[in-house]
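Enquirer: Before I ask anything, here is the structure I am working with.
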Amino acid sequence: LYSIETALMLKEQFGAHVTVLTMGPLNAVKALKEAISMGCDDGAILSDRAFAGSDTWATAYALSSAIRHFGDFDLVLTGERATDGDTGQVGPNIAAALDLPLATYVRKVNTLDPEGKTITVERSVEEGVETLQMPLPCLLTVVKEISYPRLPTLRGKKRAKTVEIPVLTAGELELKPEFLGLKGSPTRVVST
């Protein structure tokens, strides 16, 4: 939600187009529709049995391929970490797969210069706050201090009902089966 709100604030300021992506079972379309009702322009879900059991690396592989599938972009925003695994690895792995500059734990976007293709952000570090100027395109993982997520609007809810969410499969994205799901995941949780 915090990355969505950040994207929407940038959209309002610069006229950006916001596409939301998720990977999971088909019922995750509900989350995409909520993002659209908040003001995102469109979305897509990666859903395929081949993705079952994916670790953070396999998830990032699939998501980065979907980002490439949509073409040119200036900025990729992700949350800091997922609420299930809590590892904080998917965003950085996507940046690595797309060969993008990365800033993690971003708490504020100070400036964005579309003409000069740069963004200046503040990120939380152990010693306090670090300010970075980065070239675009880049990837930012954001923390909750960056914004307060807006609520969906009535107009947005109506629009979300009519928007068709494409389902992207491993085959459509031409993903290598050996990098997908449990078989393609180099990590295993053996106990918790």
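Enquirer: Please go through the range 136-192 and write out the GluC sites (Glu not before Pro) that DSSP classes as loop and that have at most 12 other C-beta atoms within 10 Å.
Expert: In loop regions of the range 136-192 (DSSP not H, G, I, E or B), the sparsely surrounded GluC sites (Glu not before Pro) are GLU164, GLU174.
Enquirer: May I pose another question? Report, in debye and to the nearest 20, how large the dipole of the range 20-95 comes out about its Cα centre when Lys and Arg carry +1 and Asp and Glu carry -1 on their Cβ.
Expert: 200 debye
Enquirer: Work out the charge dipole of the chain with +1 on the Cβ of Lys and Arg and -1 on the Cβ of Asp and Glu about the Cα centre, then indicate which of PRO114, GLY91, VAL163 is farthest towards its positive end.
Expert: Result: VAL163.
Enquirer: Using all alpha carbons of the range 25-64, what is the percent of pairwise distances in each 10 Å bin, ordered from the shortest bin to the longest?
Expert: In whole percents, the pair-distance histogram is 28, 44, 27, 1.
Enquirer: Mean 1/r over all different Cα pairs, inverted: what Kirkwood radius does the range 47-122 give, in Å?
Expert: Every distinct Cα pair counted, the radius reaches 13.8 Å.
Enquirer: Also: I want the local charge near ARG68. Using Cβ-Cβ distances under 12 Å, sum +1 for each Lys or Arg and -1 for each Asp or Glu among the other residues.
Expert: -3
Enquirer: Take the residue pairs LYS11/LYS176; LYS11/LYS144; LYS117/LYS144; LYS33/LYS117 and return only those whose Cα atoms are more than 28 Å apart.
Expert: Violating the 28 Å limit, Cα to Cα: LYS11/LYS176; LYS33/LYS117.
Enquirer: So what's the Cα pair-distance distribution over the range 91-175, bin width 5 Å, in %?
Expert: Spelled out bin by bin, the range 91-175 gives 3, 12, 15, 15, 15, 14, 17, 7, 2, 0 percent.
Enquirer: Measuring with a 1.4 Å probe in the full set of protein chains, what accessible area per residue, in whole Å², belongs to the chain?
Expert: 59 Å²
Enquirer: Residue by residue through the range 31-38, what is 3J(HN,Hα) from phi via Karplus (6.51 cos²θ - 1.76 cosθ + 1.60, θ = phi - 60°)? Round to whole Hz and write x for glycine and proline.
Expert: My calculation for the range 31-38 gives 5, 5, 5, 5, 4, 5, 5, 7 Hz in order.
Enquirer: Mean separation of Cα pairs under 8 Å and 6+ residues apart, divided by the residue count of the range 67-192: what relative contact order is that in percent?
Expert: 23 percent
Enquirer: So for the range 137-192, Kirkwood radius off the Cα pairs, Stokes-Einstein at 20 °C and 1.002 mPa s: how many µm² s⁻¹?
Expert: 130 µm²/s
Enquirer: Per 10 Å bin from zero, what fraction in whole % of the C-alpha pairs of the range 120-164 is there, up to the bin with the longest pair?
Expert: 19, 32, 25, 20, 4
Enquirer: Rg and Dmax of the range 99-138 over Cα atoms: what are they, in angstrom?
Expert: Cα only, the range 99-138: 10.2, 33 Å (Rg, Dmax).
Enquirer: With the chain treated as a Gaussian network of Cα nodes joined by springs under 10 Å, which of LEU140, LEU46, LEU98 yields the largest mean-square fluctuation?
Expert: LEU98
Enquirer: For the chain, what D do you get in µm² per second when you plug the Kirkwood radius from alpha-carbon pairs into Stokes-Einstein at 10 °C and 1.306 mPa s?
Expert: Stokes-Einstein gives a translational diffusion coefficient of 92 µm²/s.
Enquirer: Run the accessible area of the chain with a 1.4 Å probe and give the carbon-and-sulfur part as a rounded percent.
Expert: 52 percent
Enquirer: Return the equivalent ellipsoid semi-axes of the range 1-77 as a descending list in whole Å, where each equals the square root of 5 times an eigenvalue of the C-alpha gyration tensor.
Expert: Result for the range 1-77: semi-axes of 23, 14, 10 Å.
The values are calculated or read from the model by the stated rules, or taken from the named source; none is laboratory data. Predicted, not measured: the structure shown is a model, and the values here were computed from it. FYI the Cβ positions are ideal-geometry reconstructions off the backbone, even for glycines, and counts take in every protein chain you see. Accessible surface is based on the protein model in full, side chains and every heavy atom, while ligands, DNA and RNA are left aside. Shrake-Rupley method; radii C 1.70, N 1.55, O 1.52, S 1.80 Å.
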